[in-house]
Each structure stands twice: as C-alpha cells, then as structure tokens.
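Student: After the structure tokens below, expect a handful of questions from me.
The values are calculated or read from the model by the stated rules, or taken from the named source; none is laboratory data. Everything numeric in this text was worked out from a predicted model, so none of it was measured. Ideal geometry is used to build each Cβ from the backbone, glycine not excepted, and the neighbour counts take in all protein chains shown.
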Amino acid sequence: MAIDLNALRAKHAELSNPSGNANSDFLSKFVQLQEGMNTIRILPGKDDDTLFYGETKIHRVPDDSGIVKNYHCRKVHGEPCPLCDTYYSLWKEPNKDEDLARQIKPRSRYYMNVVDRESGEVKILSIGVILFKKIIAAMLDEDFGDITDLESGNDFKIVKIMEGQWPKYDQSQPRPKSSEAGSKAEVAAWMESLHDIHALVKLEEYEDVKGAAQALLPSHEGSSQNPTAAEDVADDDYLQRMQS
C-alpha cells in the first residue's frame, strides 16, 4: 500500500504545533461574528443565582517584537493591578507615550452563552462594551424585557459593519417578535451544554502582571487610581489573542 504523504505532512504539522491546534479548539467555542447579519439567542444563566454574562477588563500589552499579549485586569477581582498603575503613569510622564497608554488601557469585555442560529450550537459570545450596552438597553426596554427568557424571549440580530479595521454594531437589535428559544428537547440540550463563561474571567498572577508592567516602564512606581471604561476593540483580533 502506498504511503499517503499528504496525511503524513498533516500529522507532522499537528505534532510540530500542538499549541496551535489547542488554540484552534479553544476558538471554536466562540461565535465568529461575520460581516453583515448574525442571529443569536442569548441563553440565561444555569440557575437563578448565576448571571447570564461574565465581565472582565483586558490589558493588551505589546512586547519588543510587536506581539500583543492579553492580561485580565486584576482590579476586576478587587486586587492590585500593576498594569493599571503603568497605564496612569504613562499619562503622567513628561514625554507621554499616548499610543502605548491607549493600547494598554483596560478594556471591558463580556462573555455570554448563546445559540448560534446558523449552526444551532451553543457558543460563547465575546463582545465589547458598545454591543453589550445595546443588549442591556433592550432588556430594560418594556417592549422587550428579558430577552434571555427561554419561553418568551427574543432572538438578537447582531449587524456587523466594518469601517476600516473597526466593527460597528449600530444596527444591532432584538427581533421584534418574541418566541420560544426552541423545542423542549433542544432547550434541555442547550442548557446542558453551557460553557463556564465565568471561568474565563481569569485572576492573573501578580508577578506575571508586574513583570509585564516593568517591561513597559522599568522605573515605574505605581498609582492607586482605578481604571475607567473603554471602547470596543476589533472582536476578531481580540479572539485571536485570547490565549496569548
């Protein structure tokens, strides 16, 4: 029997780059928002005591080669965060590096379990503050209410329009008509398949974050101020760097 060289090449690539395969498996759990219309159903928390979303803030820290690594802000957990200190120190420097300060600014990120209506699978939706505000505003609107309700909620239409490298979601909104999320069997399967979105809100090791901060500002002495809310970043770029 002839040897399948293509299969051997594929196996060699897999063995040579195991982390790449792990990253691919990790990213497959997330909704990959396409330009145009994306329809989802946001699922409730597993029980009444569990929020339907997880919340964090992310520092995006470049190294000397330009590679960016993501660090969860420790202040989300009520812990000191050297990268927040560095962020404020950069603005206080006589010769401010405004570009670097803007890049490492802690940016809000939200995770939720959703049904991707195109595939029918339970995925993790990872979004920034602008789109999250739209979802919350809809839930506070008496015309919609709890859009995560499995019996009388609403599907949500995410409309992604690219302007340069940045996505815009201005046209995103719930479907006007409420509906059951799915059949009883589908709903039961979905609720059994919920991802642990709260486990994604990682408490970074202090020394790791301190090392990243010192690499940016070796003489940094710190500040006690708190980070402020920040704007969206490109979702595709964020997801590609989540495991960095």
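Student: Out of the residues in region 47-79 that are over 30 Å from residue 187 (Cα atoms) and hydroxyl-bearing (Ser, Thr, Tyr), which is surrounded by the most Cβ atoms within 10 Å (Cβ to Cβ)?
Tutor: Checking each candidate, the answer is 71.
Student: When the residues of region 80-136 are filtered to those that are touching a strand residue (DSSP E or B) at 6+ places or on another chain (Cβ under 9 Å) and in a loop (DSSP other than H, G, I, E, B), which remaining residue is surrounded by the fewest Cβ atoms within 10 Å (Cβ to Cβ)?
Tutor: 118
Student: Mind checking which residues of region 190-241 are in a loop (DSSP other than H, G, I, E, B), modelled with pLDDT of 55 or more and touching a helix residue (DSSP H, G or I) at 6+ places or on another chain (Cβ under 7 Å)?
Tutor: The answer is 201, 203, 204, 217.
Student: A further question on this structure: Can you confirm whether residue 149 is surrounded by fewer than 13 Cβ atoms within 10 Å (Cβ to Cβ) and over 19 Å from residue 56 (Cβ atoms)?
Tutor: no
Student: Oh, and also: Has region 182-189 got at least one residue that is in a loop (DSSP other than H, G, I, E, B), over 16 Å from the mean Cα position of the chain (by Cα), modelled with pLDDT of 85 or more and not acidic (Asp, Glu)?
Tutor: Yes: one or more hits.
Student: Evaluate the following for residue 172: is it at pLDDT 95 or above, within 21 Å of residue 42 (Cα to Cα), in contact with a helix residue (DSSP H, G or I) (Cβ under 7 Å, 6 or more places away or on another chain) and among the hydroxyl-bearing types (Ser, Thr, Tyr)?
Tutor: So residue 172 passes the test.
Student: Looking at 74, 9, which one is more than 24 Å from residue 156 (Cα to Cα), at pLDDT below 90, over 15 Å from the mean Cα position of the chain (by Cα) and of a type in the set (Lys, Arg)?
Tutor: Within the list 74, 9, the selection yields 9.
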